[in-house]
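**Q** Below you'll find the structure I mean.
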Amino acid sequence: KGWHTENLYLYQGHWFPSKYLFSIANVMGSQKTFQAMPSDIYLATLPKSGTTWIKALTFAIVNRTMYKNNSLSTHKLLSSNPHDCVPFIENEILRANPTSVVENCPRIFATHTPYTSLPQSIIDCGCRIVYVCRNPKDVLVSLFHFANKVRDESLGIITFEEAFKLFCEGVIPSGPYWDHVKGYYKATSEHPARILFLTYENMSVDIANIVKNLAKFLGYPFTKEEEAAGIVEEVVKICSFEKLREVNKHGNIRAGIPKHAFFREGRVGDWSNHLTDEMSHILDQITKEKFRDEMVNACIST
Ligand code: A3P
């Protein structure tokens, strides 16, 4: 039951590795020790749903005084990977003193942890959460390619058939896919002022509008002057797939994880190049069944 490095194990109804990144131990560690603050921003996703993109966008929106100073050429996103700008609570934060890692206010964190397993202080403190959901077929394809790029050599490659089977069984990091999405979707309906539910597909259609709404939701709305000065477009540009891919051509995020692995196709619907009609039909059936009675079904159809 492995994707990248080792088998996944069930913890609180979701699948996690037993060691290393996003492990059960790290999720438990964050549950025990992580202290959220009301001004914090949390970016929640399943892996391969647009984590890198939403990290870049949120970082660029919140830190856009960089533009005002006319210092676009020195923008941090032009020299750092979005994963270096926004840490995961399950990994980076646990390795260091949580308050010292991100000194800025607001602190921006990311997480792959399902809503029901988040540290209680995130739920209780009234901070804002942004969730990005992506259609399951593109998540599967993206995860399949990523897994083969970062997989331990000793494991050999994972075939698409194996990946498909695991995905359908719900066995993906932080999965099952459907439960992860439903958890945040339900929480969004209960706390619409605190949780913003975005989809990769909508972001791909009209990112400028999403950036404006996201900024408003985060409490950093664009002023009329900023809009007139083209700052929204600057944010979109610096966070675009093409720009980020160019900046992140070389180097590793950490051992065995090259920066470029986070930028593959960057588009909606690549699944049609991988799934057979039968696979597509099976996934549609599972999704329909799992999202029965849920509006979320409409959000992710492609
Ligand atoms: P593909 O493999 O389909 O190309 P994550 O950041 O959650 O790991 O997700 C990675 C996926 O998001 C990859 O999808 C990657 O290409 C895509 N991606 C990364 N940055 C992006 C950006 N700025 N705009 C659109 N898609 C992006």
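**Q** Can you put 194, 292 in order of Cβ neighbours within 10 angstrom, beginning with the fewest?
**A** Going from least to most buried by this count: 292, 194.
**Q** Take every DSSP beta bridge with both residues inside the chain and express the antiparallel ones as a percent of the total, to the nearest 5. Could the numbers behind the result be given before it?
**A** Values: 7 of 22 bridges.
Looking only at bridges with both residues in the chain, the antiparallel portion is about 30 percent.
**Q** Multiplying the sequence separation of residue 105 and residue 241 by 0.36 nm and subtracting their Cα-Cα distance, what value in nm do you get? It would help to have the intermediate numbers written out before the result.
**A** Working: separation 136, 0.36 × 136 = 48.96 nm, distance 2.67 nm.
Answer, rounded to one decimal: 46.3 nm.
**Q** Holding the Cα-Cα limit at 27 Å, pick out from 165/237; 55/149; 243/288; 76/186 the pairs that are longer than that.
**A** Table pairs above 27 Å Cα-Cα are 165/237; 243/288; 76/186.
**Q** To continue, here is another question. When a/c reaches 1.5 or more, the comparison of a/b and b/c decides; with that in mind, is the chain rounded, prolate or oblate per its Cα gyration tensor?
**A** It comes out rounded by the Cα gyration axes.
**Q** Of the GluC sites (Glu not before Pro) in segment 148-218, which ones lie in a loop per DSSP and count no more than 16 other C-beta atoms within 10 Å?
**A** Numbers: sites: 153, 161, 162, 169, 190, 201; in loops: 169.
Here the sparse-neighbourhood loop sites are 169.
**Q** Next question, about the same structure. State whether segment 118-202 is rounded, prolate or oblate according to the following rule on the C-alpha gyration tensor (a ≥ b ≥ c being the square roots of its eigenvalues): a/c under 1.5 gives rounded; otherwise a/b larger than b/c gives prolate, and the remaining case gives oblate.
**A** prolate
**Q** Suppose each label sits 7 Å from its Cα in the direction of the beta carbon; what would the residue 205-residue 169 distance come out to in nanometres?
**A** With each label placed 7 Å out from Cα toward Cβ, I get 3.6 nm.
**Q** Towards the positive end of the charge dipole of the chain, with charges on Cβ (+1 Lys, Arg; -1 Asp, Glu), say which of 49, 180, 106 has the farthest Cα.
**A** 106
**Q** Fewest Cβ neighbours within 10 Å first, please rank 212, 19, 259 accordingly.
**A** So the ranking, lowest neighbour count to highest, is 19, 212, 259.
**Q** Among the complete DSSP H segments of the chain, which ones combine at least 15 Å of alpha-carbon extent along their axis with a mean Kyte-Doolittle hydropathy of 1.0 or more?
**A** Length and hydropathy pass: 51-62, 207-218.
**Q** Apply the Debye scattering formula to segment 233-295, with a single equal point scatterer on each alpha-carbon and no solvent, then give log10 I(q)/I(0) at q = 0.22, 0.26 Å⁻¹.
**A** -0.88, -1.02
**Q** Here is a follow-up. Per DSSP H run of n ≥ 4, the term is -39500 (n - 2.57); total these for the chain, divide by its residue number, and report the mean residue ellipticity at 222 nm rounded to 500 deg cm²/dmol. Intermediate results must be reported in sequence, preceding the final value.
**A** On the way: 17 runs with 138 residues, N = 302.
Taken over the chain, the calculation gives -12500 deg cm²/dmol.
**Q** Stretch residue 186-residue 120 to full length: gain in nm at 0.36 nm per residue minus the Cα-Cα span?
**A** This chain segment gains 22.1 nm when fully extended.
**Q** Just rank 85, 105, fewest to most, by other beta-carbon atoms within 10 angstrom.
**A** Final ranking by Cβ density, sparse to dense: 105, 85.
Coordinate-derived values only; no laboratory data. Not measured: the values here are computed from a predicted model. Counting neighbours? That spans all protein chains shown, and the Cβs are built from the backbone with ideal geometry, glycine included.
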